[in-house]
1. Counting trypsin sites (Lys or Arg not before Pro) as exposed when in a DSSP loop with at most 14 other beta carbons within 10 Å, what is the longest stretch of the chain free of them?
2. Looking at the calculated P(r) for the chain, what percent of the C-alpha pair distances fall above 18 Å?
3. Keeping all protein chains in place, calculate the accessible area per residue for the chain (probe 1.4 angstrom), answer in Å².
4. Probe radius 1.4 Å, ligands and nucleic acids ignored: give me the carbon and sulfur share of the accessible area of the chain as a rounded percent.
5. Given contacts defined as C-alpha pairs under 8 Å and at least six residues apart, what's the relative contact order of the range 1-127, whole-number percent?
6. Could you tell me what fraction of 2.2 N^0.38 Å the Cα radius of gyration of the range 58-130 comes to, as a two-decimal ratio?
7. Using 0.36 nm per residue, how much length does the chain from ARG109 to ALA29 gain when fully extended, once their Cα-Cα distance is taken away?
8. May I ask you to work out the translational diffusion coefficient for the range 67-106 at 4 °C, viscosity 1.567 mPa s, via Stokes-Einstein with Rh from the Kirkwood sum over Cα pairs, reported in whole µm²/s?
Amino acid sequence: MRSDAREAAFKIIFADLFGGDGEKNFRAALYRQAHLNEEDCAFAERIVDAFLRHKQELSEQLSASVTRYADYRIYPADRAALLVALAEINYLDDVPPVVSVSEAVSLARKYSTERSADFVNGVLGGVINS
(Lines give C-alpha, C1' and ligand atoms only; values in the text may rest on other atoms or scores of the structure.)
Protein backbone atom coordinates (compact mmCIF):
# COMPACT_ATOMS: atom_id res chain seq x y z
CA MET A 1 0.00 0.00 0.00
CA ARG A 2 1.39 3.39 -0.96
CA SER A 3 0.61 4.92 2.44
CA ASP A 4 2.89 2.36 4.08
CA ALA A 5 5.56 3.06 1.46
CA ARG A 6 5.30 6.80 2.18
CA GLU A 7 5.60 6.14 5.89
CA ALA A 8 8.78 4.15 5.31
CA ALA A 9 10.15 6.94 3.11
CA PHE A 10 9.19 9.43 5.83
CA LYS A 11 11.22 7.48 8.39
CA ILE A 12 14.24 7.37 6.09
CA ILE A 13 14.03 11.12 5.41
CA PHE A 14 13.49 11.80 9.12
CA ALA A 15 16.67 9.82 9.90
CA ASP A 16 18.52 11.78 7.21
CA LEU A 17 17.62 15.02 9.00
CA PHE A 18 19.61 13.75 11.96
CA GLY A 19 22.66 12.79 9.95
CA GLY A 20 21.58 9.37 8.72
CA ASP A 21 22.82 8.47 5.28
CA GLY A 22 19.84 6.53 3.90
CA GLU A 23 22.02 3.45 3.58
CA LYS A 24 20.48 0.66 1.52
CA ASN A 25 20.59 -1.79 4.46
CA PHE A 26 18.68 0.67 6.66
CA ARG A 27 16.12 1.18 3.91
CA ALA A 28 15.72 -2.54 3.33
CA ALA A 29 15.19 -3.13 7.06
CA LEU A 30 12.47 -0.48 7.18
CA TYR A 31 10.76 -1.93 4.11
CA ARG A 32 10.79 -5.40 5.66
CA GLN A 33 9.46 -4.04 8.95
CA ALA A 34 6.61 -2.34 7.09
CA HIS A 35 5.89 -5.55 5.12
CA LEU A 36 6.12 -3.70 1.81
CA ASN A 37 5.77 -5.66 -1.39
CA GLU A 38 8.11 -5.10 -4.32
CA GLU A 39 5.93 -2.43 -5.91
CA ASP A 40 5.63 -0.48 -2.66
CA CYS A 41 9.39 -0.73 -2.06
CA ALA A 42 9.96 0.71 -5.52
CA PHE A 43 7.56 3.58 -4.77
CA ALA A 44 9.28 4.36 -1.45
CA GLU A 45 12.65 4.26 -3.23
CA ARG A 46 11.41 6.77 -5.80
CA ILE A 47 10.47 9.19 -3.02
CA VAL A 48 13.73 8.73 -1.12
CA ASP A 49 15.85 8.95 -4.27
CA ALA A 50 14.07 12.14 -5.36
CA PHE A 51 14.68 13.59 -1.92
CA LEU A 52 18.36 12.62 -1.85
CA ARG A 53 19.02 13.91 -5.38
CA HIS A 54 17.23 17.20 -4.78
CA LYS A 55 17.70 17.71 -1.05
CA GLN A 56 19.08 21.23 -1.36
CA GLU A 57 16.36 22.39 -3.78
CA LEU A 58 13.61 20.87 -1.64
CA SER A 59 15.00 22.49 1.52
CA GLU A 60 15.15 25.85 -0.25
CA GLN A 61 11.58 25.44 -1.50
CA LEU A 62 10.46 24.59 2.02
CA SER A 63 12.25 27.62 3.47
CA ALA A 64 10.65 29.88 0.87
CA SER A 65 7.22 28.41 1.64
CA VAL A 66 7.50 28.91 5.38
CA THR A 67 8.10 32.64 5.53
CA ARG A 68 6.81 33.16 9.06
CA TYR A 69 9.04 30.52 10.66
CA ALA A 70 12.77 30.14 10.89
CA ASP A 71 13.93 26.73 9.68
CA TYR A 72 15.00 25.67 13.15
CA ARG A 73 11.44 26.18 14.43
CA ILE A 74 9.93 23.50 12.18
CA TYR A 75 9.57 20.24 14.08
CA PRO A 76 11.68 17.51 12.47
CA ALA A 77 8.66 15.25 11.94
CA ASP A 78 6.84 18.10 10.21
CA ARG A 79 9.89 18.83 8.09
CA ALA A 80 10.17 15.17 7.06
CA ALA A 81 6.46 15.00 6.14
CA LEU A 82 6.78 18.23 4.15
CA LEU A 83 9.87 16.96 2.33
CA VAL A 84 8.14 13.70 1.40
CA ALA A 85 5.27 15.68 -0.10
CA LEU A 86 7.52 18.18 -1.86
CA ALA A 87 9.56 15.35 -3.39
CA GLU A 88 6.34 13.78 -4.68
CA ILE A 89 4.85 17.05 -5.91
CA ASN A 90 8.01 18.09 -7.74
CA TYR A 91 9.41 14.81 -9.02
CA LEU A 92 6.73 12.09 -9.11
CA ASP A 93 4.35 12.91 -11.94
CA ASP A 94 2.04 9.97 -11.26
CA VAL A 95 0.97 11.26 -7.83
CA PRO A 96 -1.68 14.01 -7.73
CA PRO A 97 -0.51 16.89 -5.51
CA VAL A 98 -3.67 16.71 -3.38
CA VAL A 99 -2.83 13.10 -2.54
CA SER A 100 0.69 14.12 -1.51
CA VAL A 101 -0.75 16.83 0.73
CA SER A 102 -3.30 14.50 2.31
CA GLU A 103 -0.68 11.84 3.00
CA ALA A 104 1.75 14.38 4.51
CA VAL A 105 -1.01 15.66 6.78
CA SER A 106 -1.67 12.08 7.91
CA LEU A 107 2.02 11.56 8.68
CA ALA A 108 2.15 14.81 10.67
CA ARG A 109 -1.00 13.82 12.55
CA LYS A 110 0.54 10.45 13.44
CA TYR A 111 4.12 11.48 14.24
CA SER A 112 4.08 15.09 15.36
CA THR A 113 2.20 17.56 17.51
CA GLU A 114 -1.48 18.28 17.83
CA ARG A 115 -1.21 21.36 15.58
CA SER A 116 1.19 19.90 13.03
CA ALA A 117 -1.43 18.58 10.63
CA ASP A 118 -2.83 22.09 10.15
CA PHE A 119 0.66 23.52 9.73
CA VAL A 120 1.66 20.92 7.12
CA ASN A 121 -1.64 21.36 5.29
CA GLY A 122 -1.24 25.14 5.20
CA VAL A 123 2.34 25.04 3.93
CA LEU A 124 1.59 22.51 1.21
CA GLY A 125 -1.66 24.22 0.26
CA GLY A 126 0.40 27.33 -0.41
CA VAL A 127 2.83 25.33 -2.52
CA ILE A 128 0.25 23.68 -4.76
CA ASN A 129 -1.88 26.82 -5.09
CA SER A 130 0.98 29.11 -6.07
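The values are calculated or read from the model by the stated rules, or taken from the named source; none is laboratory data. None of these values were measured; they are calculated from a predicted model. Positions of Cβ are backbone-derived with ideal geometry, glycine not excepted, and every protein chain shown enters the neighbour counts. The area values use the complete protein model at the heavy-atom level, side chains included, leaving out ligands, DNA and RNA. Shrake-Rupley method; radii C 1.70, N 1.55, O 1.52, S 1.80 Å.
1. On the way: sites that count: ARG68, ARG115.
Result for the longest clean stretch: 1-67.
2. 48 percent
3. Numbers: 7130 Å² over 130 residues.
Result: 55 Å² per residue.
4. On the way: 3540 of 7130 Å².
That share works out to 50 percent.
5. Values: 128 pairs, mean separation 33.4, N = 127.
This gives 26 percent for the range 1-127.
6. Values: Rg = 11.0 Å, N = 73, 2.2 N^0.38 = 11.2 Å.
That works out to 0.98 for the range 58-130.
7. On the way: separation 80, 0.36 × 80 = 28.80 nm, distance 2.41 nm.
Fully extending the segment from ARG109 to ALA29 adds 26.4 nm.
8. Values: Rh = 10.7 Å.
In µm²/s, the coefficient is 121.
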